[in-house]
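Read the structure below first, then the notes.
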């Protein structure tokens with residue numbers, strides 16, 4: 001989507017973001033080959049998005065272009081503690097139709113041959129029932145062939161009729177997932193249980209058929225679990241955030257890149273923490289290359 005960040009002086013900064021796109025960019029910066037799958041318009045802003053993604057090394061071969069459409073837009077406001085609030089205008093965003101029709105079926109079929117597939121709760125929230133079914137089919141194929149299916153349970157209530165509807169869609173998806181990266185706050189909201197703990201969230205995902213779970217808890221660290229090991233990886237250094245946008249998205253990129261490169265969950269979570277710490281120290285979802293931490 002088009003991202004408009006409102007700065008402390010009231011001015012605005014335009015960029016491009018979105019949860020899965022943020023992760024794709026950071027994965028590319030960490031040296032992983034990435035193709036981004038979405039639908040855009042045939043307008044100036046869509047052109048600018050594609051140029052920006054290519055400049056980051058993100059592949060655009062699987063981006064669909066729809067005539068007479070424009071991308072979604074969102075605005076970010078941050079408070080004095082760096083916490084953000086969002087306002088969205090994306091009801092007619094072309095990304096909602098990326099898997100619809102014959103072209104969508106062909107796209108899902110190509111994705112079924114990927115080595116790894118990554119999507120989020122927001123992905124599921126914007127797709128039609130037809131689109132979700134095709135994405136699920138691709139995910140099942142990837143996992144059956146020995147690939148990785150990675151899910152960030154990013155829950156935004158505004159994208160769903162109610163929490164029960166979202167939970168049902170999430171739970172229908174979990175048997176196809178190999179690695180889940182939920183956030184504790186989101187899970188508490190989704191399951192309407194403010195007392196829910198990270199260990200319990202991990203158990204719910206494992207019982208649903210997921211192989212590995214990492215529950216993000218912000219400054220409290222990341223809790224990882226599989227069927228034979230579990231533990232907490234604390235944040236190495238507490239910092240005062242400037243803007244928490246994309247904190248989880250960047251953590252995901254660090255964790256995924258490390259795990260797919262053969263690192264264990266502790267090293268992978270530490271890498272995720274380092275990248276997320278750098279991201280929340282700058283404004284916007286995608287930080288300048290010069291702000292990327294050297295040891296990531």
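Per-residue ellipticity at 222 nm computed for the chain from its helices equals -11500 deg cm²/dmol, with DSSP H segments shorter than 4 residues left out and the rest contributing -39,500 (n - 2.57). In terms of its C-alpha gyration tensor, the chain has a rounded overall shape, because the principal axis ratio a/c (a ≥ b ≥ c, square roots of the eigenvalues) stays below 1.5. Placing one equal scatterer on every Cα of the range 119-186 and applying the Debye formula, the log10 ratio I(q)/I(0) at q = 0.11, 0.23, 0.28 Å⁻¹ is -0.24, -1.00, -1.38. Length available on full extension from residue 92 to residue 77: 0.36 nm per residue minus the Cα-Cα distance, which gives 3.1 nm. Spacing of the modelled spin labels on residue 193 and residue 116, each 7 Å from Cα toward Cβ, amounts to 3.0 nm. If you model the range 104-241 as an ellipsoid using its alpha carbon gyration tensor, with each semi-axis the square root of five times an eigenvalue, the axes come out at 26, 18, 13 Å, biggest first. For the range 189-209 versus the range 141-175, the inter-centroid distance based on Cα atoms is 14 Å.
Extending 7 Å from the Cα toward the beta-carbon at both residue 48 and residue 4 defines two label points whose distance is 1.2 nm. Could you please state, rounded to a whole Å, how far the C-alpha centre of the range 243-285 is from the C-alpha centre of the range 20-86? Taking the Cα centre of the range 20-86 as reference, the centre of the range 243-285 is 18 Å away.
Give the relative contact order (percent, whole number) for the range 92-235; include only Cα pairs under 8 Å separated by 6+ residues.
Relative contact order, the range 92-235: 17 percent.
Peptide packing for 12-23, 96-107 was compared via the average number of neighbouring C-beta atoms within 10 Å per residue; ordered from the highest value, the list is 12-23, 96-107. What the Kirkwood sum gives for the range 181-283 is a hydrodynamic radius of 13.8 Å, with every pair of different alpha carbons counted.
Among 217-226, 51-60, sorting by the average number of other beta carbon atoms lying within 10 angstrom of each residue, highest first, gives 217-226, 51-60. Across the chain, the mean sequence separation of Cα contacts (distance under 8 Å, 6 or more residues apart), normalised by length, yields a relative contact order of 14 percent. Debye-formula intensities of the range 1-106, expressed as log10 I(q)/I(0) at q = 0.15 Å⁻¹, are -0.68 (one equal scatterer per alpha-carbon, no solvent).
Each reported figure results from applying straightforward, stated rules to the coordinates on display, with no laboratory input. Keep in mind it's a predicted model, so treat the numbers as computed, not measured. Cβ atoms come from the backbone with ideal geometry, glycine included; neighbour counts cover every protein chain shown.
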